[in-house]
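Here the structure is laid out as structure tokens; the discussion comes afterwards.
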Amino acid sequence: MSRTPSSPRARRLAAGALAAGLLAPLAVTGAGAATTTGAQHQLIPAYFYPEPADDLWPTMCSTAKSSTVIVNPHNGPGADYDSDYARVIDDCRAAGQKLVGYVHTGYADRPLSEVKADIDRFYRFYAVQGIFLDEMSNDAADRDYYRQLHDHIKAQNAGHTVVGNPGAAASSNWQLAVTDVVVVFENTAAVYDTWVAPSWTLQAPSGEIAHLVHTTSSAQRDRTAHLSAQRNAGHVFLTDDVMANPWDTLPGYWGTDPGAWAPPGDLSSPTTSPFADVATAQQFYPEMAWMADRGISTGWALSDGTSLYRPFEAVNRDAMAAFLYRLAGSPAYTAPPTSPFKDVATTQKFYKEMAWLAEQGISTGWAHSDGTRSYRPFEAVNRDAMAAFLYRLAGSPAYTAPPDSPFKDVATTQKFYQEMAWLAEQGISTGWAHSDGTRSYRPLDHIKRDAMAAFLFRLSPLL
């Protein structure tokens, strides 16, 4: 493509064309229950020229919340200062956005002197607050190349941001040592829907991971946003713009209401807790509030009009059935007049939900020599069995568990190993991290109600 657009309009088209190949595949770790993405922020590839007659830049700068905006005047800073870019960069900074300048690296084939010269021009021309290194190599042998660029940028200002864009996720996390943020996904929403995030991206601090998803229709937006939270993306951008120039305008659903495009993975938790025994600052508060909002759990009502959630109580098997049935959308279902389980009466609380689990094959209980089955409704659910419940609720997707367990306390020959490994690969649970780099799952521990909320929230996009 041309790298020498001769007019503002040509620059806009060139920047949009560049964007087609530019952005590649943008945690608080809960108590072993799940990787819980903290507040998400947008990483906006603003590859549209700031013509004074257009309102794209003013709209973006005035409505985006705590975003990082990638500035690309001319496939880099260009040879000359551009007053239109200087103006919008200053305006966006005043509105609280962070601006980073686009510089391509040619997958470490571009001479370092050229890349550094582009970096220097950005800082000389514009008030940027970091650099976006496009075409980042995924080869760990190129670590020193990017270390030199990282250090060159930090020499301008140690607090400035280095974003790396390799075009696909590397096999290991080496890029985290030479960037502040690494973009590990850029593709369509259709591809994103079934993409499996590498385990290192799920275990990294969410603020160091970015996903950029284009061709995301309005109908796909909410699910895609939810997936980005599940997959630990602290920086994300979704757009309905399509190839060949998927970053040459704002999303059609951006709208004039800032709330129409809030950072998607930041759970919209109420400022007042729906439960008297759950504090808003508590671990998994957003997920427990989400449970209440979706009607998956309303807790225990008290005479004073408040409700309790009992976050640290274990989840019993009868209540687990109710959680899963509601998470599935409370499908129309008439329970049979004869119970499938000898220890569950048809008049019992949650009978319908337990019978539904049996009919769906999510739980068949324990078989006895007399041909009957029992469910053990009042037993607490262990974390290994919980993995099996969630895997089956998701449709028992085709999955081959790895030959090496992701958890040091789960053997590959262990009952429910496949299901526990699947939870880890999906980012629904990453377990507990240890100083030696291993992780544990605690398969025989009981699952508590607060952690269960996190599991269900992370599973919900897959249903």
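Just so you know, all these numbers are worked out from the coordinates, no wet-lab data involved. Small disclaimer: the values here were computed from a predicted structure and weren't measured. Ideal geometry is used to build each Cβ from the backbone, glycine not excepted, and the neighbour counts take in all protein chains shown.
If R0 is taken as 25 Å, the Cβ-Cβ distance between Asp370 and Ala335 corresponds to a FRET efficiency of 0.65. In this structure the amide hydrogen of Lys408, modeled in the peptide plane, comes within under 5 Å of the amide hydrogens of Arg439, Ser440, Tyr441, none closer than 5 places in sequence on its chain. Converting phi to 3J(HN,Hα) with the Karplus coefficients 6.51, -1.76 and 1.60 and the offset θ = phi - 60°, segment 303-313 yields 5, 8, x, 8, 10, 10, 10, 6, x, 9, 7 Hz in sequence order, with x at every glycine or proline. Lys98: which lysines have alpha carbons under 30 Å from its alpha carbon, excluding same-chain residues fewer than 8 sequence positions away? Qualifying lysines at Cα under 30 Å: Lys65, Lys116, Lys154. Taking a ≥ b ≥ c as the square roots of the eigenvalues of the alpha-carbon gyration tensor, the chain is classed prolate because a/c is 1.5 or more and a/b outweighs b/c. Note that segment 282-291 has calculated 3J(HN,Hα) couplings of 6, 4, 6, 4, x, 6, 5, 5, 4, 4 Hz, one per residue in order, obtained from phi through the Karplus relation 6.51 cos²θ - 1.76 cosθ + 1.60 (θ = phi - 60°); glycine and proline are x.
Using a simple spin-label model with pseudo-atoms 7 Å out from Cα toward Cβ, Tyr107 and Asp277 lie 5.7 nm apart. Answer rounded, prolate or oblate for segment 295-351, using the Cα gyration tensor with square roots of eigenvalues a ≥ b ≥ c: rounded when a/c is under 1.5, else prolate when a/b is larger than b/c, else oblate. Cα axes put segment 295-351 in the prolate bin.
Fewest-first ordering of Thr347, Thr224 by other beta carbons within 10 Å of each residue's beta carbon gives Thr347, Thr224. Taking a Cβ cut-off of under 12 Å around Pro246, the surrounding Lys, Arg, Asp and Glu residues balance to a net charge of -4, with basic ones at +1 and acidic ones at -1.
Dipole size in debye (nearest 20) for the chain around its Cα centre, Lys and Arg Cβ +1, Asp and Glu Cβ -1?
So the magnitude is around 840 debye.
Electrostatic tally near Arg442: other residues with Cβ closer than 10 Å to its Cβ, Lys and Arg +1, Asp and Glu -1, net -2. Summary of packing: across the peptides 203-216, 137-150, the per-residue average of other C-beta atoms within 10 Å ranks them, highest first, as 203-216, 137-150. Taking a sphere under 9 Å around the Cβ of Arg326 and counting the other residues whose Cβ falls inside, with K and R at +1 and D and E at -1, yields a net charge of 0.
Comparing Tyr351, Thr438, Asn173 along the charge dipole axis of the chain, the residue lying farthest to the positive side is Tyr351, per the Cβ-charge model.
Partner aspartates and glutamates whose Cα lies under 18 Å from the Cα of Lys342, excluding those fewer than 8 positions away in the same chain, are identified as Asp318, Glu353, Glu359, Asp370, Glu379. For segment 238-251, the Karplus equation 6.51 cos²θ - 1.76 cosθ + 1.60, evaluated at θ = phi - 60°, returns couplings of 10, 8, 8, 5, 10, 4, 8, 10, x, 10, 9, 6, 7, x Hz by residue, with Gly and Pro reported as x. Computed from the C-beta positions of Glu313 and Thr194, the FRET efficiency with R₀ = 35 Å rounds to 0.45.
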